[in-house]
Structures are given as C-alpha cells and as structure tokens.
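Since the structure comes first, as structure tokens, the remarks are kept for the end.
The values are calculated or read from the model by the stated rules, or taken from the named source; none is laboratory data. All values derive from a computational prediction rather than experimental measurement. Note: ideal-geometry Cβ built from the backbone for every residue, glycine included; neighbour counts use all protein chains shown.
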Amino acid sequence: MPEQIVDLHIHSRYSRACSNRLELPNIANVCVEKGINIVSTGDFTHPFWFKDIQDLLQEDGSGFLKLRDGSSPTMFVIGTEISCVYKHKDKVRRLHILVFAPSIESAGAFIAALEDRGVNLKSDGRPIMGISGKEIVQLCRDIDKRMVVIPAHAWTPWFAVFGSKSGYDSLEECFEELTPDIFAIETGLSSDPPMNRRLSQLDKIALVSNSDAHSLEKLGREANVLRFDSEASYDKMWEIIKSGDRKKFLYTIEFYPEEGMYHYDGHRECKVSMKPSETKKEKEICPVCKKKLTIGVMHRVDDLADRKEKEVANSFVPYRYIVPLREIIANSFEVGATSKKVEKEYRSMLQKLGNEFAILLYIEIEKIKKAVSDENIATGIENMRQGKVKIISGYDGVYGEVDVFPKGRVVKYSQLKLD
C-alpha cells in the first residue's frame, strides 16, 4: 500500500476561533487537494458535531469512516481534543489531550461518561472539564481498551503536559501508574523531533505531528507519513505509530518550530523576543515592563533535557520540514497568502500537477517550473526542500516567519531594463 499521510488533530466549526467552513464534506475535499489520506474528525464530544458524524459518515469495519455518499476517498478517525483543568499536587494543571475511539459506539459511551460527570459539552468543540489526565486515561480504559490518549502540543506554555505554566516535568508525574498507556505525544507547532529527543524519558515514546487546524487551509501543515502492508485500519495505524518501525512509520511532516507562536521566550505587549540564554540572564523578567516573560518551548525543553541536540541519535523516526504551498506562492508574489492572486495560482498548480504534498515533496522541480506562472515558486519549493530558508522565531502568541528566499528572488530576463 502506498504512503498514507495522516493528520490526527483538527477542529470543527463548533470550536472557538474556528472557521464555519469546517464541515465534514469540506474537510474530506480539502484533504484530497492536500494529499491527506486519513484525518481526525475532531471535536466528536460536541453534540451537534457528533450528530454530523453519525449522519454523514459511515463505518466500514476498519475503525475508519468515510462520507456516507461515497463522494471522497478520505478516511476519518474519530478523535477530539479536550481541555483538562484541575488541581494536582498543590498546583493548577491545564492539559490539552487528544482522545481517539475505534467506533461510534465507543465515542458515544465516552460522551455519556463525560455528561454523567457534569461536563458541559455544548459550550465548545474542545470542552473544558475538571477531570485529570490520569482519570481520562482510566475512563478510556474502562470504555474500550482500543481507545487512545495522546497529550496534545506537549510543550505549549499554558495548556500542555510539559507546559511551563501549568504542566509537569515528566509523563509519570502526570499519569502515574497509567503512564504505560501513553505511547505517543504530539510535538506541537513550536517543537520538532530533535528538540523532543533531547529528553531520554521520551526515548520509548512515539512523536506524532498534526496540524491542529482551525481552518481548511491549515489542514496538514503538520502530519505523519505511514506505510501499511495491507488495507489501512485503526488498529494497524496505532500499531505502526507505537512501534516506531521506520519501514512503516516513514517520517513526520514538520512546521518549522521557530514559526510556532511559542518557540522563543517573550512578551507580546512589549514586542520582546528572547532566546533562553538571554532570558536566563534577565532572570525571566521583561526588560521593558519588568513583568515576567512567557517562557517558550525552546526554554522549557532546555530545562528538562538531559542531552545536547548533537547527542540525539539518528535511530528515531525521520522528519521533513515544509512550508505550505500557499505561503510559498505568496512569498514569491510578495502578497498575502489569502489574496486572490495566490488562490488562482494554487488552483492552477493543483490542476496541472496534483495534490499539494506531491508538489511540495516529490514532483521534480523542472516539471514544476513548466507548470507555474512565475519560476520563483519553483525556486521557493526547491529552497524549502534544501532547507534554504530565513526564519524569525515566534514568541508569546506571535507566529514566527519563514522566508523561502533568503538570498533574494530570481530576476527574469523580461524584468531587466536593457538600455
């Protein structure tokens, strides 16, 4: 079976700050355009979204679902993100956790269990509940042993298992005797595999990368590439991820972590961005307003790591950095990524070349040059593949920036003035 691209963390139109266009048929169609084969439903605990899942999707016995009308090959896995806010060991913890179910029946039982505990599931696609991470694992165990729990964006300062503001220093501290049930964590946009592999405590933990998409355009900005020996299924997918078998878990697709909004330390209001070493010299105090800085992912990894980056072994699952195609086109044209000019070129490229991941990762540059209106686009893709990018790191909720033209743009002959 060919490579399967998997995105296990997205949201629906019922989550706050998410696009109204995030509906199941639209998600399925955009996954085809992007080249995503398997995608999470997201938000299955929301009653209206769960009804959409029941009405619009159909189980086929594999643990995956497809659109009932047969209009798309996209496979859905029943998944959601929940927000656990609770007090543990004299500290308020705020954890975002991904939960996956192998069937609509199991998902329904999980929903019922949360409702029995008084959780308000109608308020948001990502519900907030006063239940600990450990209790969520036990709850899933009791409902269906095939359910899977994965800490989401594990390093985000405010809402993550290793977050500097409300997290833990180890998985064992959080999940205690149920820690063996946690076989994977999500790295999140602000960290990448080399950063996570600096912690020996994660050596036996799989690292998954997902988009956490709040709009259709963000689907697949991070993903996982798996190879199934036979037909894909829910159980086989988790077996591959858990095993870390490099013949089957081929690689993760990564957002440049510097582009994430919590990579460096900083203070957004004062426009202060600092490396961990600089922050430590300032004793974590903003040099402008003298308030405490938001400690970013890089700093937090540095605090917990017991290895230097150069000591990280190369025996783990590989990874590849990408820049979304719309951003490369926008970078080439020097316009916004949501402009009509970018969208027109994007659609033209898909029509001529195929899906977005094929364009970004596989198709020969010379073939791309022949299909685009501006050869800068092909140059940008080539630079991305070779890692020739200029990066400004994100901090304290401010996204970083990646420029695929670090040494300037190609100048066409027709643009030269001949005197």
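Numbers for the structure displayed
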item: Test: residue in region 57-78 that is part of a helix (DSSP H, G or I) and under 25 Å from residue 240 (Cα atoms); result: no
item: Given (1) assigned to a loop (DSSP other than H, G, I, E, B); (2) surrounded by fewer than 21 Cβ atoms within 10 Å (Cβ to Cβ); (3) touching a residue at least 12 places away in the same chain (Cβ under 8 Å), index of the condition residue 283 fails; result: (3)
item: Residues that are in contact with a His (Cβ under 9 Å, 6 or more places away or on another chain) and either buried (at least 19 other Cβ atoms within 10 Å of the Cβ) or free of Cβ contacts under 8 Å to residues at least 12 places away in the same chain (or both), drawn from region 55-83; result: 79, 80, 81, 82
item: Unmet criterion (only one of (1) farther than 27 Å from residue 357 by Cα; (2) crowded, with 17+ Cβ neighbours inside 10 Å) for residue 152; result: (1)
item: Number of positions in region 363-389 that are modelled with pLDDT of 95 or more, more than 14 Å from residue 332 (Cβ to Cβ) and not in a helix (DSSP H, G or I); result: 2
item: Some residue of region 303-321 being in contact with a Gly (Cβ under 7 Å, 6 or more places away or on another chain), at pLDDT 95 or above, β-branched (Val, Ile, Thr) and not assigned by TED's automatic domain parsing to the domain that holds residue 29; result: yes
item: Members of region 101-146 found to be without any contact (Cβ under 8 Å) to a residue 24 or more places away in the chain and small (Gly, Ala, Ser), listed by number; result: 112, 118, 123
